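Engineer: So that we are looking at the same thing, I have put the structure below in structure tokens.
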Amino acid sequence: MPDWIPPVLAGTFLVISYRLVRTSGAGLRVSVLLMALLNAGVLWMLGSTGPAWAVVAVALVSLVAAVHSLAAAVQALAARIQRVDTEALRGLIGQASDAVGPQVVGVCVMFSGALVLTAFADDAHPEGRQFHLVPGADCPFCLVEEQIRDFLGPADPLLAAYRAHLKEGSSRHLLVKRRSEREPWTGRLRDRVYYRVPAPARRPPCSVHDPLLGRP
């Protein structure tokens, strides 16, 4: 068999693998780990059985495929994001609270200061679509707490838990859900290490949360 056939097959395998992993719905860390293992295995096999140029050629092809997959993933994410103002955000959340059938609503404040809403797992509002409220005059933490009160009640212990995490610098992701319109909403705070409280310059002044977050 000619020397060029194994590297061509290996490069083709990695390119197809990048596409399959990207469209599989796997998370970023799982995707990176999986492709790193595949690359290591393929390059090791080529290095053990073929010429040195084959390893270099396949590594370059893999690098180009990785950059292309990352760019495609970023474009797909950007296409699912819609920027809204505070009034539109409240309107979207109101649609979720009045909808029929199973519903999951998530709100969180990102390190950028933007408030992110994910909701509406139906045909009119595809699951995974995100609505971003960019930093402005409204305190994003107050808006999250507003959803805790509206969905779960003003005395729900999740409110105190949310503030406790904020005090520690963690901006937890609030998830509220119900299986049908006949059942009550339940909520929890989702733990993600990269959900950090935005810097003071990225959030508006707030008489409620500034003392909590150490800003006078």
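Engineer: Ranked from highest to lowest mean number of other Cβ atoms within 10 Å per residue, what is the order of the peptides 70-76, 132-138?
Structural biologist: The most tightly packed comes first, giving 132-138, 70-76.
Engineer: How compact and how long is the stretch 29-94, expressed as Rg and Dmax of its alpha-carbon atoms in Å?
Structural biologist: For the stretch 29-94, the Cα-based Rg and Dmax read 20.1, 63 Å.
Engineer: Right, here's the next one. By DSSP, what percent of the beta bridges with both residues in the chain are antiparallel, rounded to the nearest 5?
Structural biologist: If we restrict to bridges inside the chain, about 85 percent are antiparallel.
Engineer: Which loop-located chymotrypsin sites (Phe, Trp or Tyr not before Pro) does the stretch 146-216 contain, where loop means any DSSP state but H, G, I, E or B and the Cβ has at most 13 other Cβ atoms within 10 Å?
Structural biologist: Those satisfying the criteria are Tyr194.
Engineer: Something else about it: Would you calculate a helix-derived [θ] at 222 nm for the chain, using -39,500 (n - 2.57) for each DSSP H run of n ≥ 4 and dividing by the full residue count, to the nearest 500? Working shown, then result.
Structural biologist: Values: 7 runs with 109 residues, N = 216.
Calculated at 222 nm, the ellipticity per residue is -16500 deg cm²/dmol.
Engineer: With no other cysteine's Cβ closer than 4.7 Å, which Cys residues of the chain count as lacking a disulfide-compatible partner?
Structural biologist: That list is Cys108.
Engineer: How much of the accessible area of the chain, in percent, comes from carbon and sulfur atoms when a 1.4 Å probe is used?
Structural biologist: C and S fraction of accessible area: 64 percent.
Engineer: Work out which helices of the chain, taken as complete DSSP H runs, extend at least 24 Å along their axis over the Cα atoms and score a mean Kyte-Doolittle of -1.0 or more, then list them.
Structural biologist: TM-like helix candidates: 5-23, 28-49, 52-79.
Engineer: Cα atoms only, the chain: Rg and Dmax in Å?
Structural biologist: Looking at the chain, its Cα Rg and Dmax stand at 22.9, 74 Å.
Engineer: Then there is this: What number comes out for accessible area per residue over the chain if the probe is 1.4 Å? Units Å², please.
Structural biologist: Heavy-atom accessible area per residue stands at 59 Å².
Engineer: Please state, as a whole number in µm²/s, the translational diffusion coefficient that the Stokes-Einstein equation yields for the stretch 1-65 at 25 °C and 0.890 mPa s, with Rh defined as the Kirkwood radius across alpha carbon pairs.
Structural biologist: 203 µm²/s
The values are calculated or read from the model by the stated rules, or taken from the named source; none is laboratory data. For clarity, every value in this text was computed on a predicted model and none was experimentally measured. For neighbour counting, all protein chains shown are included, and Cβ atoms are generated from backbone atoms with ideal geometry for every residue, glycine included. We work out accessible area using only protein heavy atoms, side chains counted, and drop any ligands, DNA or RNA first. Shrake-Rupley method; radii C 1.70, N 1.55, O 1.52, S 1.80 Å.
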